[in-house]
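Asker: Here's a structure for you.
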Amino acid sequence: MFPSAELGPGEVREATIDGIAVVVVRTAAGELRALRDICPHQGARLSKGRLEAAVDGPGVGVYELSADRVILRCPWHGYEFDVETGRCLADPGSRVRTYPVTVEDGVIVVERG
Amino acid sequence: MSVDTQKPAFDVRDLDPKTAVIDVDVHEQFQSVKDLLPYLDQHWQRYIVQYGWSGMPKESPYGVPSTGGNTRLDWRPEGSVVRASTVELMREQLLEGEGVSIAILNGMFHLSSLGGWYEFAAALASAYNDWQIEHWLEREPRLRGSVHVTANDPAGAAREIDRVGGHPQVVQVFLPTVTDRQYGDPFYRPIFEAAARNDLVVTLHHGSETRTALGYPRFFIEWHSAIPHANMCQLTSLIFNGVFDALPDLKVVVLETGGTWIPHFMWRLDQQYRGLRLEVPWVKRLPSEHVRDNVRVATQPFDEISKTHFEQLLDMMGSDEMLMVSTDYPHFDADSPTKNLPAGLSDDLLQKIRFRNALATYPKL
């Protein structure tokens, strides 16, 4: 799709595969993930959103940034999608499709699965 | 006063579910605050006998222009007897008169609303609880009661819940629906924890102290139309401050709020939570799931809707286990416990609303 070196840690990039809009992200830890580039809520392009560490709350008023859970946050209403599973953090019944993503000869490859 | 923790003499499970009615919103009251004198220390007695403290101030400006004022006309006793002030009146008018099998008492004495002087409020709450147990619960096995507390002294409130919450006929902790404080605030958590460890539910009910979003509107009809929103605000506070995440078995019962708002409330909170979850990450479930599992709602005053709309309402709520019948005895807008819902509902559904849902809600019923 495009050279792996073009996508740095924390970055988000839109792409298409067989006409399907996908969003490819590289987490701060360097992991690549690919998701359908459409929010299931109202169809916003998730590639226009933000890649962030998920926030957890072990108690009222206590905030902890997750060390390993990364979310892609919709630019419109702020829905959070776990880039690993595609599931909405608030409502795991709602999810974005995820795709296997690899690097071959320095180029990012997303499989339709 | 020591509290007997034996089982109640009257077992709800012996009732016939086809005809049984558990009325979850009944208001007993005293003739005068002087009824509490035997249960108060001498220091506090002086404020009533000598210094002229005569009762909780009525904060709202309204009179109720109903046929019997704020009392259903046929429940107004003759002469100087105060409405709903004796077990005999309640037996005749409610238990026998309306076919109520079990009545849950909520009182008319909102000590958590006293704006200060929490020591006196706490003494009054304890006195009221002892008076309620002696003059009502222990005289009529079909009655169930409340622990009244002073919410702004949460540690003291928790001690009071532990003191009388073990009485076999005490089934709930009563909190008035105040509108200047938020019960979800961790400051109040000891009250909810004490309720949970005593197998009690927490019940919210508005009073004259309850403001609308516009304060006290110009007319009673405006105030009375708008106050259900206050309970929605308190429920929002409980949910987003994680009370039900911390106490997943706790039930909160909302009284005198009707029930047609429930789908809107679930949808609204879910929609907000999907986008703003990261502000309240200690909340681990959709708000509508907490509502379905942890919140129960008394029917009165129920909006007059068709059978079709009622069934659609339950479908939108996603639960037929949330509603529980209530009369609001002895107030002017009391509902009949058997004629308050649209005609033609199934026997199974009516048994749930009149009996089984309450049985499943109050651990000590």
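The values are calculated or read from the model by the stated rules, or taken from the named source; none is laboratory data. A quick note: this is a predicted structure, and the numbers were derived from the prediction, not measured. Glycine gets a Cβ as well: all are built from the backbone with ideal geometry, and neighbour counts include every protein chain shown.
Quick grid of which residues meet (1) touching a residue at least 40 places away in the same chain (Cβ under 8 Å); (2) hydroxyl-bearing (Ser, Thr, Tyr); (3) in contact with a strand residue (DSSP E or B) (Cβ under 9 Å, 6 or more places away or on another chain):
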residue	(1), (2), (3)
B:Pro17	yes, no, no
B:Val21	yes, no, yes
B:Gln42	no, no, no
B:Gly52	no, no, no
B:Tyr62	yes, yes, no
B:Asn70	yes, no, yes
B:Glu88	no, no, no
B:Glu96	no, no, no
B:Gly99	yes, no, no
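Asker: So, in the stretch B:45-87, how many residues would count as being surrounded by 15 or more Cβ atoms within 10 Å (Cβ to Cβ), farther than 27 Å from B:Phe220 by Cα and of a type in the set (Val, Ile, Thr)?
Answerer: 3
Asker: One residue is enough: does the stretch A:47-57 have a residue meeting the conditions farther than 30 Å from B:Asp245 by Cα and either touching a strand residue (DSSP E or B) at 6+ places or on another chain (Cβ under 6 Å) or among the aliphatic types (A, V, I, L, M) (or both)?
Answerer: Filtering the stretch A:47-57 down to residues farther than 30 Å from B:Asp245 by Cα leaves A:47-48.
Filter once more, so that each one left must be either touching a strand residue (DSSP E or B) at 6+ places or on another chain (Cβ under 6 Å) or among the aliphatic types (A, V, I, L, M) (or both): A:47.
Checking the stretch A:47-57: at least one residue is farther than 30 Å from B:Asp245 by Cα and either touching a strand residue (DSSP E or B) at 6+ places or on another chain (Cβ under 6 Å) or among the aliphatic types (A, V, I, L, M) (or both).
Asker: Which residues, counting only those in the stretch B:180-223, are farther than 30 Å from B:His167 by Cα and touching a Lys or Arg at 6+ places or on another chain (Cβ under 9 Å)?
Answerer: Let us first name the residues in the stretch B:180-223 that are farther than 30 Å from B:His167 by Cα, namely B:180, B:211-223.
Matches in the stretch B:180-223: B:Asp180, B:Trp223.
Asker: Of all residues in the stretch B:127-154, count the ones that are within 16 Å of B:Arg91 (Cα to Cα) and among the aliphatic types (A, V, I, L, M).
Answerer: The number of residues fulfilling the criteria is 2.
Asker: Any chance the stretch B:183-203 includes a residue that's out of contact with any Gly (no Cβ under 8 Å at 6 or more places or on another chain), β-branched (Val, Ile, Thr), buried (at least 21 other Cβ atoms within 10 Å of the Cβ) and assigned to a loop (DSSP other than H, G, I, E, B)?
Answerer: No: zero hits.
Asker: Output the residues belonging to the stretch A:3-62 that are within 14 Å of chain B (Cβ to nearest Cβ), surrounded by fewer than 16 Cβ atoms within 10 Å (Cβ to Cβ) and within 13 Å of the chain's Cα centre (by Cα).
Answerer: A:Arg50
Asker: How many residues, within the stretch A:63-74, are in a strand (DSSP E or B) and either at the interface with chain B (Cβ under 7 Å from one of its Cβ atoms) or surrounded by 15 or more Cβ atoms within 10 Å (Cβ to Cβ) (or both)? Show your work before the answer.
Answerer: At the first step, the residues of the stretch A:63-74 found to be in a strand (DSSP E or B) are A:64-73.
Then drop every residue that is not either at the interface with chain B (Cβ under 7 Å from one of its Cβ atoms) or surrounded by 15 or more Cβ atoms within 10 Å (Cβ to Cβ) (or both), which leaves A:69-73.
Number of matching residues: 5.
Asker: Restricting to the stretch B:204-223, name every residue that is assigned to a loop (DSSP other than H, G, I, E, B) and β-branched (Val, Ile, Thr).
Answerer: Here is the first cut: in the stretch B:204-223, the residues assigned to a loop (DSSP other than H, G, I, E, B) are B:206-211, B:213-214, B:216-219.
Within the stretch B:204-223, just B:Thr210 meets the criteria.
Asker: Something else: Looking only at the stretch A:75-88, which residues are touching a helix residue (DSSP H, G or I) at 6+ places or on another chain (Cβ under 6 Å) and either assigned to a strand (DSSP E or B) or within 8 Å of chain B (Cβ to nearest Cβ) (or both)? Quick ask: steps written out before the conclusion?
Answerer: Of the stretch A:75-88, the ones touching a helix residue (DSSP H, G or I) at 6+ places or on another chain (Cβ under 6 Å) are A:75, A:77-79.
Within the stretch A:75-88, A:His77, A:Gly78, A:Tyr79 meet the criteria.
Asker: Suppose the filter is of a type outside the set (S, T, N, Q), modelled with pLDDT of 95 or more and surrounded by fewer than 21 Cβ atoms within 10 Å (Cβ to Cβ); does B:Trp223 pass it? First the steps, then the outcome.
Answerer: On the way: of a type outside the set (S, T, N, Q): yes; modelled with pLDDT of 95 or more: yes; surrounded by fewer than 21 Cβ atoms within 10 Å (Cβ to Cβ): no.
No; evaluated as a whole, the condition is false for this residue.
Asker: Only one of (1) in contact (Cβ under 8 Å) with a residue 12 or more places away in the chain; (2) surrounded by fewer than 21 Cβ atoms within 10 Å (Cβ to Cβ) fails for B:Leu255. Which number is that?
Answerer: Going through the list (1) in contact (Cβ under 8 Å) with a residue 12 or more places away in the chain; (2) surrounded by fewer than 21 Cβ atoms within 10 Å (Cβ to Cβ), B:Leu255 breaks only (2).
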